[in-house]
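Below: the structure, in structure tokens.
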Amino acid sequence: MAVALDLHSYQEPILFLATAGIVVPLFHRLRISPVLGFLGAGALLGPYGLGRLVPSYPWINWLTLSNQEETSHLAEFGVVFLLFTIGIELSWQRLRTLRRLVFGFGSLQVALCALALGLLVFKAVGTVTAAAIVGLALALSSTAIVIPVMAEQKRLNKAVGRASFSALLFQDLAVAPILFTIAVLDTGQPEVTMSSFAGALLQAALALAVLVGLGRLVLRPFFQLVSATKSPELFMAASLLVVLVTSLIAAVSGLSMALGAFIAGVLLSETEYRRAVDATIQPFKGLLLGVFFVSVGMRLDLSRFLEAPFLILAVASLLIVIKGVIIFALARPFGLNAAESAEMGLFLGPGGEFGLVIVGSAMAAGILPIDVGQSLLLVTTLTMVAIPILARAGKPLSRRLERKRALDPETATPPPADEVGRVIVAGYGRVGQLVADMLERHKVPYLAIDIDPARVAAQRKAGKQVYFGDGSYPEFLRACGIDRAPALVVTLDTPTAIEGVVTAARGERSDITIVARARDARHATQLYELGVDDAVPETIEASLQLSEAVLADIGVPMGLVIASIHERRDEFRAILRKSNPKRDPARAEFRARRTVGK
């Protein structure tokens, strides 16, 4: 007997996947941030959009996202995965470099914005306590929207990106104490006292110490054990396990889940598995962030907005202006020029997701009147929706940035190694190590990848820039910086593995120089058809080297020997390339000009 199928339980996942399948390609084609698409979809499909028509037209229920609370719980993991991937891109050294921005600029921004906004809303809320809570809530910005938008504009590695991230990191750290304070002031929970408040802070500090200590001891051996199985599924499960466990430990200790995941990411950034984990997590982060943006859009109550549109727009604009002016004034002493300071004000001026959480908690605790709280939720959501638009407005400012400027050390630090274009060496066996050695001798920065965890661990101990991962996965190549790599050298010893890396790399970038190892002439021909710039057949090169040695040993002048060997090599290369009619003529012309230039 067939089991009855409840289609409603699949309704929201199917709706979201359909939304992602439509929004991302459409907005990508229109060159508009997909964030706006997800926000608009949430408003349209949410309880305040099509959901209002369900009583009159019940069939519309199949096209609505009605379970806002459940969606919000899932959406929280979008922020968790975002902070985890941000942590992977950082390191303890970079965090130490940014400490003045995090605790100096970040703390001043939160304090001054909270003071100004608290004074502004004092008459509306009626009490000093409520005004302070609202001021702190509105002082926070949206990590989940600002970071992806900055990454899309390639602004994260600029001075404005580093300063903005530092402020956002301090804001995330400040969320837990603010929520603790609301719990203390909640008259419905008399058991919460100042002593329990202090105990909770101590518990949170201990949890941070445990996360850092255990992470340093456990993460590398754990991933060595998992990667030795050579199972992509198990590696994915291990990556997800680390994110979920660390975030839940932080949540149980009173911290935000996102902060726990961020710490795990920073710990993994010091290991050889950081790029493989980053590539594994990216699809989950993208989907869950989409859920988060949809959940934000679901909060938009357009009927409340239509009741007083000019007032709400005025309050939202005033919030952005006040925060933007304060951030602009604070950024100048910390080394940013006028254009960068204004751009950062546009990014951080709107409200954020944690502000929504704090306002909701204050309403539940009886600190904030419900009507005022609902209006503040609407205002905050509207400002969050405006972030991608404000970011586009800030682009002209970024074009006028000075090329040479005297900045504070925290923002003037040279680009970290990951931001430098490196030659990628796929395969770090004997051939790959010789290639890397020649690159080092010529002072060419490189990054090597290999699928053998034991080899990677040994080379890491020797101080080499080697990372664990499979180069045939486009996501992993992106994590290795293929978008800025000048060349890719494939030294793997298996033809199928070589072809997989070449295909993935050429799919990511049509202009990157690819030099690949080939088994023989036939394999080299296949690689040229796949789009390599140079294929080096082992059999032909061995023959040429043997010929060079014997000719030199029997007394033929070395100059003539070298010239003839080069001539014969060019003949072989020309023969192999004849079978590649798909060769990109533009790239061939570029290579020809480069050769003439040399």
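The values are calculated or read from the model by the stated rules, or taken from the named source; none is laboratory data. Fair warning: this is a prediction, and the values are worked out from it, not measured in the lab. Note: ideal-geometry Cβ built from the backbone for every residue, glycine included; neighbour counts use all protein chains shown.
Of all residues in segment 234-246, those that are touching a residue at least 12 places away in the same chain (Cβ under 8 Å) have Cβ atoms under 7 Å from Cβ atoms of residues that are of a type in the set (Ser, Thr, Tyr), 6 or more apart or on another chain, in Phe235/Ser227; Phe235/Thr280; Met236/Thr280; Ser239/Thr280. The residues of segment 28-46 that are under 22 Å from Gly352 (Cβ atoms) and surrounded by 16 or more Cβ atoms within 10 Å (Cβ to Cβ), listed by number, are Ser33, Pro34, Val35, Leu36, Gly37, Phe38, Leu39, Gly40, Ala41, Gly42, Ala43, Gly46.
Filtering Ser510, Ser543 for residues that are touching a Gly at 6+ places or on another chain (Cβ under 9 Å) and surrounded by fewer than 20 Cβ atoms within 10 Å (Cβ to Cβ) leaves a single hit, Ser510. Of all residue pairs spaced 6 or more apart or on separate chains, those with beta-carbon atoms under 8 Å, a first member in segment 465-493 that is under 24 Å from Arg519 (Cβ atoms) and a second member that is assigned to a strand (DSSP E or B) and hydroxyl-bearing (Ser, Thr, Tyr) are Ala487/Thr513; Leu488/Thr513.
Only helices (runs of 4 or more DSSP H) whose full extent lies in segment 491-598 are considered here, and the ones with at least 1 residues that are modelled with pLDDT of 70 or more and of a type outside the set (Phe, Trp, Tyr) are 495-508, 521-530, 538-553, 558-577.
Here Leu206 clears all of (1) modelled with pLDDT under 85; (2) in contact with a strand residue (DSSP E or B) (Cβ under 8 Å, 6 or more places away or on another chain) except the condition numbered (2).
For every residue, the table says whether it meets (1) of a type in the set (A, V, I, L, M, F, W, C); (2) in the same structural domain as Asp483 (by TED's automatic domain parsing); (3) modelled with pLDDT of 85 or more.
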site	(1), (2), (3)
Leu74	yes, no, no
Leu108	yes, no, yes
Leu136	yes, no, yes
Ala139	yes, no, yes
Met150	yes, no, no
Arg155	no, no, no
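As a summary of the residue check, Glu272 satisfies the conditions (1) in a helix (DSSP H, G or I); (2) touching a strand residue (DSSP E or B) at 6+ places or on another chain (Cβ under 7 Å) except for the one numbered (1). If you check Ala316 against the conditions, is it under 30 Å from Tyr48 (Cα atoms), touching a Leu at 6+ places or on another chain (Cβ under 6 Å) and buried (at least 24 other Cβ atoms within 10 Å of the Cβ)? Judged against the criteria, Ala316 is not a match.
Within segment 447-464, how many residues are in contact (Cβ under 8 Å) with a residue 40 or more places away in the chain and within 26 Å of the chain's Cα centre (by Cα)?
Qualifying residue count, segment 447-464: 6.
Here is a check on your reading of the model: is Ser317 modelled with pLDDT under 85 and either within 30 Å of Ser375 (Cβ to Cβ) or assigned by TED's automatic domain parsing to the domain that holds Pro148 (or both)? Considered against the rule, which asks whether it is modelled with pLDDT under 85 and either within 30 Å of Ser375 (Cβ to Cβ) or assigned by TED's automatic domain parsing to the domain that holds Pro148 (or both), Ser317 comes out as no. Among the residues examined, Leu138 qualifies as in contact with a Cys (Cβ under 9 Å, 6 or more places away or on another chain) and touching a residue at least 12 places away in the same chain (Cβ under 8 Å).
Any residue in segment 12-27 that is farther than 30 Å from Ala331 by Cβ, in a loop (DSSP other than H, G, I, E, B) and modelled with pLDDT of 75 or more?
The answer is no; no qualifying residue exists.
Report yes if Ser256 is over 26 Å from Gly463 (Cβ atoms) and crowded, with 22+ Cβ neighbours inside 10 Å, otherwise no.
Taking the combined requirement at face value, the residue satisfies it.
Among residues belonging to segment 342-384 that are of a type in the set (Asp, Glu) and touching a residue at least 60 places away in the same chain (Cβ under 8 Å), point out the one that is nearest to Ala163 (Cα to Cα). It comes out as Glu343.
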